[in-house]
Amino acid sequence: MADVAREAGVSVATAGRALGNYGRVGDDLREQVQAAAQRLGYSPNAVARSMRSGGTRSIGFVGADISNPYFATAMRGICDVAREQGYEPILANSDDRLEVERAAVNVLLDKQVEGIVVAPTSVTDVAHLKRAQELGVPIVLLDRHIGTLEADSVVIDNEAAAYEAVSHLLGLGHRRIGLLACVDPAESPELVARTGDGRLTVRGAARPSIDRIRGYLAALDDHQATSSAELIQCTPLSDAVEAQRKAEALLVQPQPPTAVFATDNVTTQGLFMAARRRGLTIPADISLVGFDDLDWTTLVAPPLTVVAQPPLEMGRAAAARLFARIKGDDRPTERIVLPTELIVRSSTAERGPGVLKHPV
């Protein structure tokens, strides 16, 4: 600032008023200072400016895996809204690890962001998010709702989406339906258990993967279809190689499923690749329903039946709620549920009368 003032031939205070758009400065003098700033390549210090203005005009986004097309698209929605508001987003990737998420939130607080959108890793350990709220930084949750945190959330109805997908397969006559799910490895050892009345149930706090398994089991129960732990395979989050390996474990069973539902885009890809590797014809040998309507699902043969969720709109909705809170909206927190759509394509077909084909 002192260099700009010297270049323009004015006091530092006058240069500050001219560049900060506060106080009284004549138009000619303002242009003179701005021209000097441009010649020197002056860039204002954001933190110093925030001390004067009371805000950094920045927000944070902590995504679980921003290499995943779902989070990448949601991030685009958040960025679009931020820039419409004249804000810049600061992005962080948690890799779906709680300790990384905590560190990212702390960094964003140090950067004095005015609000944070986060796809939380845990729905129980949320002390770092509560601390941000206590510091006056609003939090909006994306993809996952936390009942113990007073924060807006933007989600889909995961249980209903899975129920619809599995009901589609049941309506085609399939009764032995496999499930390929992405879950936290710490949750998977005793994730599914049989109740006293013989039904399978899933344990764990509500989150997308758990709720989709609940929807799968509920559809089987309602249609009196086969419910078996051996038909459920769980793979670590965002691990495409392991997803394919677990899919093959389903397909090589002595009595393999006639259809499989994959609960996210990573398991959908793993399932499709495993079926191809085993030489199975889709849908003659096995019907597939995946999750997320990504470009590749319409480019393969056959194009895949999928549950489509709206990540771009979810990102935009989360950012809109965040800016409402930043501007002082103090209404009760809201859980915003956006719709999904089952898009039926050629990867599902009626279950034929023949015996189950053992994969080669």
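The values are calculated or read from the model by the stated rules, or taken from the named source; none is laboratory data. Just so you know, these numbers come straight off a predicted model, no measurement behind them. Please note: Cβ atoms are built from the backbone with ideal geometry, for glycine as well, and neighbour counts cover all protein chains shown. Only protein heavy atoms, including side chains, enter the accessible area calculation; ligands, DNA and RNA are left aside. Shrake-Rupley method; radii C 1.70, N 1.55, O 1.52, S 1.80 Å.
Here are a few things to note about the model shown:
- Across segment 106-111, computed HN-Hα scalar couplings (Karplus, 6.51 cos²θ - 1.76 cosθ + 1.60, θ = phi - 60°) run 4, 4, 5, 5, 4, 6 Hz from first to last residue, x flagging Gly and Pro.
- Solvent exposure of segment 79-237 as accessible area per residue, Å², 1.4 Å probe: 40 Å²
- For the chain, the mean projected area of the C-alpha convex hull, equal to one quarter of the hull surface, is 21.8 nm².
- Computed [θ] at 222 nm, deg cm²/dmol, the chain (DSSP H ≥ 4; -39,500 (n - 2.57); rounded to nearest 500): -12500 deg cm²/dmol
- Euclidean distance of C-alpha centroids, segment 197-265 and segment 290-353, integer Å: 20 Å
- Sorting the segments 131-138, 226-233, 316-323 by their residues' average number of neighbouring beta-carbon atoms within 10 angstrom, most packed first, yields 316-323, 226-233, 131-138.
- The GNM of the chain, with springs linking C-alpha atoms under 10 angstrom apart, assigns the highest mean-square fluctuation among VAL155, VAL25, VAL241 to VAL25.
- Each residue of segment 150-155 was assigned a 3J(HN,Hα) from its phi angle through the Karplus expression (A = 6.51, B = -1.76, C = 1.60, θ = phi - 60°), giving 6, 8, 5, 9, 10, 9 Hz with x at Gly and Pro.
- Largest accessible area first, the residues LYS130, LYS246, LYS327 order themselves as LYS327, LYS130, LYS246 under a 1.4 Å probe with ligands, DNA and RNA left out.
- Computed E for ASP222/ASN106 - FRET, C-beta separation, R0 51 angstrom, nearest 0.05: 0.65
- Comparing SER209, SER11, SER347 in a Gaussian network model of the chain, where Cα atoms under 10 Å apart are tied by springs, the biggest mean-square fluctuation is seen for SER11.
- Counting Lys and Arg as +1 and Asp and Glu as -1 over every other residue whose Cβ lies under 10 Å from the Cβ of LEU312, the net charge comes to 0.
- Stretch gain in nm, segment ALA229-ARG97, where the contour uses 0.36 nm per residue and the Cα spacing is subtracted: 44.8 nm
- Computed on the chain, with alpha-carbon pairs under 8 angstrom and 6+ residues apart, the relative contact order is 17 percent.
- Virtual spin-label span in nm between ASP125 and SER346, 7 Å along Cα→Cβ: 4.7 nm
- Given charges at Cβ of Lys, Arg, Asp, Glu: the chain dipole, positive-most of GLY86, SER153, ALA15: ALA15
- Under a 5 Å amide H cut-off, with hydrogens placed 1.01 Å from N, THR235 pairs with ALA181, CYS182, VAL183 among residues at least 5 apart or on other chains.
- For segment 91-105, Karplus couplings with θ = phi - 60° (6.51, -1.76, 1.60), whole Hz, Gly/Pro x: 9, 9, 10, 8, 6, 6, 10, 4, 5, 6, 4, 4, 4, 5, 4
- Spherically averaged projected area of segment 207-344 from its Cα convex hull (nm²): 10.3 nm²
- Each residue, ASP27 and THR281, gets one label point 7 Å from its Cα in the Cβ direction; the gap between the two is 7.8 nm.
- Projecting the Cα atoms of ALA275, VAL337, PRO310 onto the charge dipole of segment 271-360 (Cβ charges, centred on the Cα centre) puts ALA275 farthest toward the positive pole.
- Student exercise, the chain dipole from Lys, Arg, Asp, Glu Cβ charges, in Debye to nearest 20: 280 debye
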